[in-house]
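Following: one structure in structure tokens, then a few remarks.
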Amino acid sequence: MDRTRKVYKLGLAVLAGIVITFTSCDPEAPASQKTSAYSYNRKKMLSNMASNYIIPAYNAYHTATKSLVGKVISFNAAPNDAALKALRLSWEHSLLVWQDVGFLEFGPAKENVLLAQTNVYPVDTSEINTNIKSGNFNLKVPKNFDSKGFQALDYLVNGVKSTSEKIVDFYVATPNARTYMLKVAEELNSNAQKMVNSWANYQNKFVNNSSSNAVGSSVSAMFNAFVQYYERDIRKAKIGLPVGVFNQITKTPMPRHVEAVYFSKSLPFLHRALIATHKFFSGKNYTSGNDGEGLDNYLKYINATANGQPLQLLIQQQFDKVKQLVGTINDPLSEQVVMQKSLIEQIYEELQKLVPQLKVQTSDQLEIPITYQDTDGD
């Protein structure tokens, strides 16, 4: 009987230890300190994001691409070094502004497959040259998605020949190339105009679809597009693939996979993308940078925590950290992924830390289901 009593007491002690262990490791705030994610004013957040970020950002993007078309027309009319310099500056500016809207791949952008039609890399230079030579091409078909957009223009204005003088001579001698470059620029501008027009009609639907965070809601669509873009198009495409992280066995760098490889400057676009996604997460005004209702406020409202600290604060700090680290390296990134491989891998690891914070912790605590799949883990 005594032995039975001892075993019973030992079992209770072990059970109590397990309960204490699990309770002390819980990264979230106690239920008594948490507020339901469904009582938050989602409509206010969506209204701020639409009015103060999304619409002005698309307007700025459309203005940039419209100017880009004008610079292509001017260059085509009289190809020379000065016109080429002006065209390059306009292309660079437009690609920077694209970073401000690239992650908005929901609603009108998703319907128009905007991301895949705008900034795919590495670019297919063989297909571009074939299209130029034949003069017969359809930029709308998927097989041309990697032979148009900003990265095609990178090749056309920076890499089609080895020097600026030879590039100018190429366009003087090749009318089909002038036509192709104009068509690529015009399509970028046309798609930007579509976004401006579509959001004029879509804004009310987006703001009013705020009754829940379920699949099909505006919060779900926006959040999933945001997180997927960060995971796939910033972390993976801009750094992970070029430095070889996803070459599972060899880890061999792929320097030709950097963004804007012919421009030889990739980091301004990475930095701009991090600034834009951080600004959007924080609900900041696109133009003024003034603070507004964002995902950070949503997390704060429900007292979301991780490892005993406010989750929104941890995310803000990690955004700041990766932006600071990116500022410590120099272009060309295509060289750095080989010569400074360990340093670029460290930056990738810091980029990676935001993935579980956003995709797992934020989605769980805001009760937003993740609707996309990836194959490389979180």
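Pairs are defined by a Cβ separation below 6 Å, a sequence spacing of at least 6 or placement on different chains, a first member in region 32-60 that is within 13 Å of L366 (Cα to Cα), and a second member that is modelled with pLDDT of 95 or more and in a helix (DSSP H, G or I); the pairs so defined are A37/L366; Y40/Y298; Y40/Y301; R42/V219. Scanning region 255-295 for residues that are among the aromatic types (F, W, Y), closer than 23 Å to K236 by Cα and either at pLDDT below 95 or not in a helix (DSSP H, G or I) (or both) gives Y262, F263.
Only one entry in S288, S282, S264 is closer than 19 Å to T362 by Cα and small (G, A, S), namely S282. Scanning region 322-345 for residues that are among the polar types (S, T, N, Q) and surrounded by 15 or more Cβ atoms within 10 Å (Cβ to Cβ) yields S334, Q336, Q340. A single member of R272, R235, R256 is in contact (Cβ under 8 Å) with a residue 40 or more places away in the chain and touching a Pro at 6+ places or on another chain (Cβ under 7 Å), and it is R256.
Only one entry in A109, A50, A60 is farther than 24 Å from T174 by Cβ and buried (at least 23 other Cβ atoms within 10 Å of the Cβ), namely A109. For K205, the test of being of a type in the set (K, R) and either surrounded by 15 or more Cβ atoms within 10 Å (Cβ to Cβ) or farther than 26 Å from P56 by Cα (or both) is failed.
Of all residues in region 35-47, those that are surrounded by 19 or more Cβ atoms within 10 Å (Cβ to Cβ) and small (G, A, S) total 2.
Going by what's in this entry, would K140 be described as in a loop (DSSP other than H, G, I, E, B) and under 23 Å from H257 (Cα atoms)?
In short, no.
Looking at region 112-133, which of the residues that are assigned to a helix (DSSP H, G or I) and in contact (Cβ under 8 Å) with a residue 40 or more places away in the chain is surrounded by the fewest Cβ atoms within 10 Å (Cβ to Cβ)? Out of the qualifying residues, it is K133.
Yes/no per residue for (1) β-branched (V, I, T); (2) outside any loop (DSSP other than H, G, I, E, B); (3) touching a residue at least 12 places away in the same chain (Cβ under 8 Å):
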position	(1), (2), (3)
W91	no, yes, yes
L104	no, no, yes
D146	no, yes, yes
I167	yes, yes, yes
R178	no, yes, yes
W199	no, yes, yes
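The values are calculated or read from the model by the stated rules, or taken from the named source; none is laboratory data. Computed from a predicted model, the values in this text were never measured in an experiment. Using ideal geometry, Cβ is built from the backbone for each residue, glycine included, and neighbour counts are taken over all protein chains shown.
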